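Structure first, commentary second.
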Amino acid sequence: MGGKDAHAAAAGRRRLRGLILAYAALGLGVLVFAFPIWMTLVGSTHDVGTLGRGDVPLWFGPHGPENYALAWSTGGLGTRNTFAVPASAMLINSALMALLIAAGKIAISLLSAYAVVFFAFPGRMLAFWLIFITLMLPVEVRIIPTFEVMVDLALTNSMAGLTVPLMASATATLLFRQFFLTIPDEYVEAAKMDGAGPLRFFRDVALPLSVTNIAALFVILFIYGWNQYLWPLLMVNDRSLETIVVGLTKMIGTGDAQNEWNTIMATAMLALLPPVLVVVLMQRWFIRGLTETEK
Amino acid sequence: MRKKVIFPGVALPAALLLPQLLITGIFFFWPAGQAVWSSFLREDAFGLSREFVWFENFAAVLTDPNYLTVVRNTAVFSLSVSVLAMGVALFLAVQADKAIRGATAFKTLLIWPYAVAPAVAAVLWLFLFHPQIGIFGRMLNGAGIAWDYKINGGQAMTLVIVAAAWKQVSYNFIFFLAGLQSIPRNVLEAAAIDGARPVRRFWTIVFPLISPTTFFLLVVNLVYAFFDTFGVIHALTQGGPGLATTTLIYKVYVDGVQNLNFGASAAQSVILMLLVIVMTGLQFRFIERRVHY
Amino acid sequence: MASLEIQGVAKSFGATPVLHGIDLAVADGEMVVIVGASGCGKSTLLRIVAGLEAPSAGRVLIDGRDVTPLEPADRDIAMVFQTYALYPHMSVFDNMAYGLRIRGLPRAEIAERVREAAALLSLDGLLERKPRQLSGGQRQRVAMGRAIVRHPKLFLFDEPLSNLDAKLRVQMRAEIRRLQRRLGVTSLFVTHDQVEAMTLGDRLVVMHEGRAAQVGTPMEVWSKPADTYVATFIGSPAMNLLPATLAEGGHAARLACGAVWPLADGPRPGGEGRAVTIGIRPEHLRPDGSAGLPLAIDLAEPLGSETVLHGRLADGTPLTARLAGGVPPGALALVPEPGALHVFDRETGLRLEPA
């Protein structure tokens, strides 16, 4: 009897231990990932004196609204940097850039994938491989010469310059190509019999079927566009075109002059909020987008 | 692979392909070609004269002791980031796979760091570890450890690694979780009946079965550490102190934009290009070869 | 070699009860088949015996030892899954050797056991292959091999034949039976297929909505079904159920269409007019021009040696009959074979024995 009880207790304990470990680990993980954000969020509600002194607060302070208002409207008091850019302007720039890149990439990739899948013409495979090769080389690797091309084309300091070069995405094209290949032949035959040409088929069949893929890809690409760093850093020195991710880092000086930590923290929150919201609200599409594009 | 039923015509598909090919041509192939060409030239800072110097730039770069330091930094950095980000992600994915209540809530809470830009992540961690205003920075200094990543190279590297890995865990977590959930439950039950306890089950059954995912993520993480972390370094340490946190991509930037040494920068770009081709090539080999059970 | 006892096992998932107090004793070396429609709880019961689920109440004893709190690894059992659940990344040999290696058996003995099982199951020559290189039938045999080499106290089968095509299913059915008899290992076999149940089991447990409707040998279950569910579940085409009332003091039954059939094996309690259900198997109906019930035929299925007729009685009640030979010409009238009638209480569906 004692042996049985010991066994029962042991098995029960084992199961419980496993569950406790799971909850503890996941809970700890969530905390570790939330902590930096929490500290920044809290910091953004205190005044610059508190922060500058090193009085690190763990809970909210009363200065939140004014900090954000300041960051939003002027980008700081300018005590340190004389080129403060209002966060409102930077947010608009980032949003525009992200939306243009996402929309542009999706549109162009749809067209290319459609051409490669639903037609046969000499050079088809060549075109496909040319596009495919771009996977091998992220923009960072060819950054200097690409920048020079932009200078030659007088596209620096322009929204076009920020967005257009990033629109030729092989991953999106591959994804759509793969998807189009799964559209049954019967759909095309039926459309032909109904007298529909390729453009009509695209508009009435291929496109509507692609909507979920487009949504998934949009989440990924929006984040990709919003989080661009090296490219805007090089392309833009006109501060009116500053994106918030780059602008944020420029607010932090390396010199002796005091940083306006409160404004910086507020700006940091503003910089990460939109993409995080997009991910959280569109989580299912986001995950789908990730797992689909890596196939 | 091609569809059997297609539309006739050549002009239309050509037109459809034009935007992508145009952009690819102008902003990809042309600059890439320029980079390769530049790497064989030596130009003065004003662009007034240029000289074809064959592989001299490459030789100069590869024998530059700074470059070798940077190569070592990059190796340390990328391996550390990959191992850290993958290890933590795998551990969390295993816990999340246990089908506990609230698993979806945990999932949401662990996924969002992916959306944070690397540079912004760096700024967040800067707040935590700044020697004067950061909660951990002050704690460390208070405890007698001289903490200032602006002057201590090892501390700078550590901080940069943590900031970069922090962001990448979400991505790995998603893929590991998917990989774990694709293992048929029956197979694990069979192992349990065969006498395998949870730890043994993990190492003899689960880990081998997610190895395609693991390899894939390793390449992705390495590429991330090589390139996407530019923002982290630039925001946090600007490659310093000295060269302590300069990676290959950061050096390309420094040499090209700050030092205006285009030949050296181009040569480094070409070397990086070759590296990436090898890495992505490997990645595709593995994806193609992904064992289908 | 071991006996198995299931005592009062019940299981609820949250508020939903799935098993209601099952009791079963399986003798050493016996093969008991648990059969029922999907959702009846048979797989849950098997998984509880395996230790993959914990019961909400009750105990499981293997060889007299209470294993209820034990992990599957400690129960000394082996299981064959419906999906075979082979380790995809290991060869056939390693699949079979896995459990033995964990137990720390010496290499030589492992190799011997695996080769022995492989020979028994005609798997020699396949030992180095991976599961994805095997056919469905081969995978099934590897799954069995993995179970056999363990020399366990108990074999558990969870619908192992369901994923095979019909011909292979029949073949494997016989092989499993032969193997089990030869090895003499106590076995529990779960299936939804009543033919499998009848051919494989020393005894059957017919499960219905979480309860054991009947436990008995195949012939017992077929010839004396305990309730209308078992009666219609076992046997194909299914037994006909006709509403009736007791007549002649319980010695006969009056059908809805008016015919009166005598109960040859004895009177049933309850008296005149008690509502009952009469059961008669299609194969126990014979044509009888003079005294039979007229049957209007809707559909005739000629099977060669016999014909299955689906039709209707005069009052519209559907009836199925299985007659030898071809369809008799002209109008058809049927009588039951004497003594082949089953009587069930109309309300509860339970079998009524002669008083």
Worksheet entry | Relative contact order (percent, whole number), region C:4-233, Cα cutoff 8 Å, 6+ residue spacing | 29 percent
Worksheet item: C:A57 versus B:V76, label points 7 Å from Cα toward the beta carbon: distance in nm?
Response: 6.6 nm
Worksheet item: Among all the lysines, which ones have a C-alpha under 19 Å from A:K192's C-alpha, if same-chain residues fewer than 8 places away are not counted?
Response: B:K3, B:K4
Practice prompt. Tell me, rounded to the nearest percent, the portion of alpha carbon pairs in region C:242-355 spaced more than 21 Å apart.
Written response: 37 percent
Worksheet item: Running Debye on region B:61-288 with equal point scatterers at the Cα sites and no solvent, what base-10 log of I(q)/I(0) appears at q = 0.08 Å⁻¹?
Response: -0.37
Item to complete: Project the alpha carbons of chain C onto their principal axes and report the range along each, largest first, in whole Å.
Response: 76, 45, 34
Worksheet, complete the sentence: Relative contact order as a percentage, chain A, C-alpha pairs under 8 Å and 6+ apart, gives 30 percent
Practice prompt. Report, as an integer, the average count of C-beta atoms from other chains found within 10 Å of each Cβ along B:132-140.
Written response: 4
Worksheet item: Based solely on its DSSP helices, what 222 nm [θ] is calculated for the protein assembly as shown when runs of n ≥ 4 H residues each add -39,500 (n - 2.57) and the sum is averaged over all residues, nearest 500 deg cm²/dmol?
Response: -16000 deg cm²/dmol
Discussion item. Which residues among region B:165-195 fall inside the zone where the amide N is under 19 Å from a point 7 Å beyond the Cα of C:D74, along Cα→Cβ?
Written reply: B:189-195
Fill in: log10 of Debye I(q)/I(0), alpha-carbon scatterers only, for region A:79-219 at 0.15, 0.19 Å⁻¹
-0.88, -1.19
Practice prompt. May I ask you to derive the FRET efficiency for B:E56 and B:N141 from their Cβ-Cβ distance with R0 = 51 Å, giving the value to the nearest 0.05?
Written response: 0.60
Worksheet item: Hey, what's the Cα Rg ratio for chain A versus the globular rule of thumb, 2.2 N^0.38 Å?
Response: 1.34
Discussion item. Give the separation of the Cα centroids, region C:26-94 to region A:136-175, in Å.
Written reply: 61 Å
Worksheet, complete the sentence: Applied in sequence order to region A:27-37, the curve 6.51 cos²θ - 1.76 cosθ + 1.60 (Karplus, θ = phi - 60°) yields integer Hz couplings, x standing for Gly and Pro, of x, 4, x, 4, 5, 4, 6, 7, 4, x, 5
Discussion item. As a test of the definition: which semi-axes, in Å, follow for the protein assembly as shown when you take the square root of five times each eigenvalue of its alpha carbon gyration tensor? Largest first, please.
Written reply: 71, 34, 28
Worksheet item: Considering the Cα trace of region B:157-293, what is its radius of gyration and what is Dmax, both in angstroms?
Response: 20.0, 66
Discussion item. What whole-number volume per residue, in cubic angstrom, does the convex hull of the C-alpha atoms of region A:8-166 give?
Written reply: 270 Å³
Response to the item:
Given a Förster distance of 56 Å, the FRET efficiency implied by the Cβ-Cβ spacing of C:K167 and B:T104, rounded to the nearest 0.05, works out to 0.80
Practice prompt. Measure up C:K130/C:K167; A:K250/B:K150; B:K107/C:K11; B:K98/C:K42; C:K153/C:K224; C:K11/C:K153 against 27 Å on the Cα-Cα distance and list the ones that go over.
Written response: B:K107/C:K11; C:K153/C:K224
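Throughout, read-outs are computed from the coordinates displayed, never taken from laboratory work. Here the structure is a predicted model, which means the values were calculated and not measured. Every residue, glycine as well, gets a Cβ built from its backbone with ideal geometry; the counts of neighbours run over all protein chains shown.
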